[in-house]
1. Using θ = phi - 60° and the Karplus relation 6.51 cos²θ - 1.76 cosθ + 1.60, list the HN-Hα couplings for region 64-81 in order, rounded to whole Hz, with x at every Gly or Pro.
2. Compare the peptides 57-63, 33-39 by average per-residue count of other Cβ atoms within 10 angstrom and give them in order, highest first.
3. Taking θ as phi - 60°, what are the ³J(HN,Hα) couplings along region 26-32 by the Karplus curve (6.51, -1.76, 1.60), each to the nearest whole Hz, with x for Gly and Pro?
4. Tell me which residues come under 5 Å, amide H to amide H, from His56 once H is placed; ignore anything under 5 positions away on its chain.
5. In terms of modelled amide H atoms, which long-range or inter-chain residues lie less than 5 Å from the amide H of Leu66?
6. Just add up the charged neighbours of Cys17: K/R +1, D/E -1, any other residue whose Cβ is under 9 Å from the Cβ of Cys17.
Amino acid sequence: MVVHGSGPFGRHSDFYCFDGIRMREYAPACCPDGHPLDRRQVLVGTHPCLCAGTSHRTWRCVTCDLIWITPGCALHPEWPAWAGSPAGDLP
């Protein structure tokens, strides 16, 4: 059973869900420029930062080299913030 909702990790349900005891993180289906993403077309990482009080999740499209982030970063406003996916683009 997949359960959506806010939880102790400070993330809204647009970013993760619980599947039994596993937490599953949503992932974008395409980059902001529209390139479709799969495991070979995106680099997923984290960016430690003090602006959010936590690290940011980052995605880099290998087709166009665009980086986007969640939550939005005050130190890198050129990186678009991903709003999440209530529809659930799960990897």
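1. 10, 6, 7, 10, 9, 8, 8, x, x, 10, 5, 7, 10, x, 6, 8, x, 8
2. Values: 57-63: 17.3, 33-39: 11.9.
Ranking the peptides 57-63, 33-39 by packing returns 57-63, 33-39.
3. Karplus values, whole Hz, x for Gly and Pro: 5, 9, x, 7, 8, 7, x.
4. His47, Cys49
5. Those lying under 5 Å, H to H, from Leu66 are Cys61.
6. Working: positive: Arg24; negative: Asp19, Glu25.
Result for the local shell: -1.
Values in this text are rule-based calculations from the coordinates and carry no lab data. Remember, predicted model here, so these are calculated numbers, not experimental data. Methodologically, a virtual Cβ is constructed for each residue, glycine included, from the backbone with ideal geometry; neighbour enumeration extends over all protein chains shown.
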